[in-house]
Amino acid sequence: MRRRLLVPEKQEEDKWNYIMCKLNITTTTARTTVISTSFTGSSQIDYITFNKPDDNTHYPYDTGFQFTVAGERIMYIHFKGQPTNLDNLFLDISCITYVDMNELDTSKVTSMNGMCQNCTSLVQCLMADCRADSLTQMINTFNSCSVLKYVDFGSYVHGNFKPRKLTDVRNMFNWCRAITTINMSMFDLSTVTQFGYTWGNCGSLVELFLSTGFSSTALMSTNMFSGNTNSGKIYYNKNYDVSRLTSVKPSSWQMVQYNY
């Protein structure tokens, strides 16, 4: 008989393997497709529950949900084993306001392309405890999240999200107009070759934390920051050569060294 509990007894070293999300249903008869039909990893989803993790009512990943009462819903998406990609997971889901991925085993995930693209109500995304051992692409990950204010990737003093194999981060935060600070100090960007509009059109961005230098083959075009006309600061570890970055940053931005 299939086990119904979303949260099994937790072992010290194990993940529970779910994502917790909050949805804001604003109409009394809002039909909401919770998981995009274009999600290429849909077969990795086990089931979805609402409001409590041990709910016995489970739904297949591609089901639309009919809510008769407006208000906030808490959703748990349970995965089968280790997912290998999270492409388009929440693509165009406009009712999601909060995503916590810290209980998902992401050590085998290679791609987060379009993961939260066009989530126009998303305010926070927490993923500091996710592993990024295999991650190579973050194209459009938060593209057009127009009210996004905070993404927690962790830092060197806490968290496990430390990508070392990234090659493409185009449009990662493009059109994130509300975010003021992005901390990517735990990212190794030396393997990235594609940076188009990574931080483009972020009209409120005033602080960007980086660490590593940049590959000599990186396509460091000026559109990395296209549309950012405000003044800001790029904080970087002084142990790395960021000379390529200084040539493409907005003229009104300062470069500030720091140590860990």
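The values are calculated or read from the model by the stated rules, or taken from the named source; none is laboratory data. Given the structure is predicted, the values throughout are model-derived calculations rather than measurements. Backbone-built Cβ (ideal geometry, glycine too); neighbour counts: all protein chains shown. Only protein heavy atoms, including side chains, enter the accessible area calculation; ligands, DNA and RNA are left aside. Shrake-Rupley method; radii C 1.70, N 1.55, O 1.52, S 1.80 Å.
Proximity of backbone amide H atoms, modeled 1.01 Å from N, is registered between Ser134 and Val109 at under 5 Å, excluding neighbours fewer than 5 places apart on the same chain.
Normalised by the number of residues in the stretch 123-230, the average gap of Cα pairs under 8 Å and 6 or more apart makes the relative contact order 25 percent.
For the pair Thr229 and Glu207, a Förster radius of 22 Å applied to the C-beta separation gives a FRET efficiency near 0.90, rounded to the nearest 0.05.
Once you list every other residue whose beta carbon is under 15 Å from the beta carbon of Val248, what net charge do they have if Lys and Arg are +1 and Asp and Glu are -1?
Numbers: positive: Arg170, Arg244, Lys249; negative: Asp241.
Surrounding charge for Val248 is +2.
In this calculation the C-beta distance from Gln254 to Asp133 is compared with R0 = 41 Å, giving a FRET efficiency of 0.75.
Counting only protein heavy atoms and a 1.4 Å probe, tell me what percentage of the stretch 84-222's accessible area is made up of carbon and sulfur.
Values: 2120 of 4550 Å².
Carbon plus sulfur share of accessible area: 47 percent.
Per the Debye formula on identical point scatterers at the alpha carbon atoms of the stretch 129-253, with no solvent, log10 I(q)/I(0) at q = 0.10, 0.11 Å⁻¹ is -0.26, -0.32.
One decimal place: the segment Tyr150-Thr193 gains 12.9 nm when fully extended, by the rule 0.36 nm per residue minus the C-alpha distance. Would you mind getting me the FRET efficiency between His158 and Ser43? Use the beta-carbon distance for r and R0 = 45 Å, nearest 0.05. With R0 = 45 Å, the Cβ-Cβ based efficiency is 0.85.
For the stretch 80-209, give the share of DSSP beta bridges that are antiparallel, in percent and rounded to the nearest 5; count only bridges with both residues there. About 5 percent, rounded to the nearest 5. Do any of Lys108/Lys162; Lys108/Lys149; Lys22/Lys165; Lys149/Lys233 go past 21 Å between their Cα atoms, and which? In this structure, Lys108/Lys149; Lys22/Lys165 lie more than 21 Å apart at Cα.
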